[in-house]
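One structure is given below, encoded as structure tokens.
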Amino acid sequence: MLVDKHSTETLKRRDKQVYEIIEPARQRALSSEEYHRALPAELERADAEVYRLIGAEYDRQQNMLQLIAAENQCSRAVLAALGCAVQNKTTEGFVGARFHGGCAVVDRLEALAIDRARQAFGAKYANVQPHSGTSANQIVLAAILSSGDRILSLGMDQGGHVSHGDRVSFAGKFFQVEQYQVDRDSFLLDYEAIAQQARRFRPRLIICGASAYSRVIDFERFRAIADEVNAFLLADVSHISGLIIAGVHPSPVDYAHFTTTSTYKPGGPRGGLIVMGKDFDAPLLVGKREVPLWQRVEKTTFPGFQGTPYLNNIAAKAVFFGETLSDEYRDRQFRIVENAQALAAEFQGLGYDVLTGGTDNHMFLVDVTQFRNGLTGAIAQRSLEDCGIVINMNRLPYDRHCAKVTSGMRLGTPIVTRNGMGPAEMTTIAQRVDHVLANLEILDERTYRLDESLRQETADAVRDLCTRFPMR
Ligand SMILES: *Cc1c(COP(=O)(O)O)cnc(C)c1O
């Protein structure tokens, strides 16, 4: 009970009448523990349909193989922080400088999230308020660019992200964007070509980081290119931020002016993050005034770009960044890469064309058109899903198929690793995938026929495998 015993006893002595009104109400008031523990039962009672669908989604996640490289699975502690009374708190501004009263507790939560994020990334500054990875990028763009300014970024069809200035995105609409490509033969970033393009294009911002690139990104080299043309560098490390925290991939934090990530891809709640390293207080000319970069980022976050922070998400980010400081989290990042390498090697052994010949991180791309005549990413995705294996089709660099068909599939190992699978299971997975793709009947770019006994046999085997590695 929140009301303390002592004061009710005092009340009982001093004013029996008031006490008799208050005491029954006090008995009904729930403690935080009682209130929050009752949440699932409350949902079941209030909305059986949504309750049932949540159950169905849980079952889908538990019983099918989750191999989408952009997905991860947060802890139950993170989930608990997401669904709690902190969600009801509204405010604007930052810790210690809010526009509403009642912020004593949420200030402590946000300060904790910031402190742990800085520790996780070895950063000087952290902003935990962006609602998503895309928002984090938009905030950085709006902080340092004026409309019409130039951005140089990796093309979306080359493994880049839509928020880096693709034509259909917000950034593509307000800035002049030129995109760099990966090398046509090796599919690797060609730093010399990027440097030449930067010298010619003179961007104000260079963006590095990708959604579908399986090799190490040389952030130091990117910074050298940016410095040469006097550009800012944004490293969007959404996909590999967990690996960076653990030291499995080199960190951009002190090379890039800004480092952004979504927080769900490394295994936290949905949301975004901006961190800054040694340039965090570099001066930026805004009008006639010089302001430190971090302050510009903060002002652009609020009131520039967003309104109220999602404080329950921020509580969940605090929990997640706390988890990233553990040995378990750090060891797991190494195992994610080991599993991705094992899985890629199995596919190669079965005759598949793995782009760049393997992977340095949590994911890789396979050119399925090289495996069988007529096979496409769309057929691979849909036929595998029929069998309980969830991957995604992905356009490959210089793909001749459109985005709805694609030549590639992208596979990632964060979730299977989280649930305890290792190299032996990677062998099984590759064999199962191969068995489906090798035996289906291809009708056209997007349709196929799958033998029902093959489908059933695979789905059963997948379910058994997943049962042995329950969701953590
Ligand atoms: C996933 C991703 C994002 C987007 O994050 P959201 O939180 O989904 O908006 C941004 N950049 C890269 C490189 C990504 O892979």
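The values are calculated or read from the model by the stated rules, or taken from the named source; none is laboratory data. A quick note: this is a predicted structure, and the numbers were derived from the prediction, not measured. Please note: Cβ atoms are built from the backbone with ideal geometry, for glycine as well, and neighbour counts cover all protein chains shown. Note: accessible area is taken over every heavy atom of the protein model, side chains too, but ligands, DNA and RNA are not part of it. Shrake-Rupley method; radii C 1.70, N 1.55, O 1.52, S 1.80 Å.
Show me the ranking of peptides 407-420, 174-187, 241-254, 137-150 by mean Cβ neighbours inside 10 Å, starting with the highest.
Descending packing order for the listed peptides: 407-420, 241-254, 137-150, 174-187.
If you take the square roots of the eigenvalues of the alpha-carbon gyration tensor of region 379-472 and sort them as a ≥ b ≥ c, do you get rounded (a/c under 1.5), prolate (a/b over b/c) or oblate?
Because a/c hits 1.5 or more and a/b fails to exceed b/c, region 379-472 counts as oblate.
If ligands, DNA and RNA are left out, what is the accessible area of residue 44 with a 1.4 Å probe, given in Å² to the nearest 10?
100
Just going by the charge dipole of the chain, with Lys and Arg at +1 and Asp and Glu at -1 on Cβ, which of 362, 86, 396 is farthest out on the positive end?
Towards the positive end, the residue furthest out is 86.
If R₀ is 45 angstrom, what is the calculated FRET efficiency for the pair residue 56 and residue 193, using the beta carbon separation as r and rounding to 0.05?
Between residue 56 and residue 193 the formula returns 0.40.
Nearest-5 percent of antiparallel DSSP beta bridges in the chain?
Bridges in the chain that DSSP calls antiparallel: roughly 60 percent.
Could you pull out every residue, at least 5 positions away or on a different chain, whose amide H is within less than 5 Å of the one on residue 286? Hs are placed 1.01 Å off N in the peptide plane, and Pro or chain starts have none.
Excluding prolines and chain starts, which carry no amide H, the hits are 291.
Quote the charge dipole size of region 351-472 about the Cα centre in Debye, to the nearest 20; the model charges only the Cβ of Lys and Arg (+1) and of Asp and Glu (-1).
So the magnitude is around 380 debye.
Decide, for region 216-300, between rounded, prolate and oblate: order the square roots of the alpha carbon gyration tensor eigenvalues as a ≥ b ≥ c, take rounded if a/c falls under 1.5, and otherwise choose prolate if a/b is larger than b/c, else oblate.
Taking the square roots of the gyration eigenvalues as a ≥ b ≥ c, region 216-300 is oblate.
At a probe radius of 1.4 Å, what is the per-residue accessible area of residue 90, in Å² to the nearest 10?
Per-residue accessible area (residue 90): approximately 70 Å².
Which whole-percent values make up P(r) of region 358-416 when all C-alpha to C-alpha distances are grouped in 5 Å steps starting at zero?
Bins of 5 Å from zero give 4, 21, 28, 25, 15, 6, 0 percent of pairs.
Putting +1 on Lys and Arg Cβ atoms and -1 on Asp and Glu Cβ atoms, find which of 436, 159, 65 reaches farthest to the positive end of the dipole of the chain.
After comparing all options, I get 159.
Which order, highest average first, do 454-463, 315-324 follow once you tally other Cβ atoms within 10 Å for each residue and take the mean per peptide? Spell out each step's value before the answer.
Working: 454-463: 16.1, 315-324: 24.7.
Top of the packing list down: 315-324, 454-463.
Taking Cα centroids, how far is region 75-113 from region 322-396 in Å?
37
Grab the DSSP H runs of the chain that are 4 residues or longer, score each as -39,500 (n - 2.57), total them, divide by all residues and round the 222 nm result to the nearest 500 deg cm²/dmol.
On the way: 19 runs with 215 residues, N = 472.
Helix contribution divided over all residues of the chain: -14000 deg cm²/dmol.
What dipole magnitude, in Debye to the nearest 20, does region 262-364 give about its Cα centre under +1 on Lys/Arg Cβ and -1 on Asp/Glu Cβ?
620
Quick one: ranking 121, 334, 280 by accessible area, 1.4 Å probe, largest first, what do you get?
334, 280, 121
The chain: percent of C-alpha pairs farther apart than 40 Å?
Considering the chain, 28 percent of its Cα-Cα pairs are separated by more than 40 Å.
Using the structure shown, select from 265/317; 89/124; 124/299; 173/288; 89/278; 124/173 the pairs with a Cα to Cα distance greater than 23 angstrom. List each step's numbers first, then the result.
Working: 265/317 12 Å; 89/124 28 Å; 124/299 17 Å; 173/288 27 Å; 89/278 33 Å; 124/173 32 Å.
Checking Cα-Cα distances, 89/124; 173/288; 89/278; 124/173 exceed 23 Å.
Residue farthest toward the positive end of the dipole of the chain, with Cβ of Lys/Arg at +1 and Asp/Glu at -1: which of 295, 174, 125?
The one lying farthest along the dipole's positive direction is 295.
Could you tell me what percent of the accessible area of the chain is made up of carbon and sulfur, with a 1.4 Å probe and every protein chain present?
Here it works out to 50 percent.
With viscosity set to 1.002 mPa s and temperature to 20 °C, compute the Stokes-Einstein D of region 176-232, Rh being the Kirkwood radius across alpha carbon pairs; µm²/s, no decimals.
Here the translational diffusion coefficient equals 182 µm²/s.
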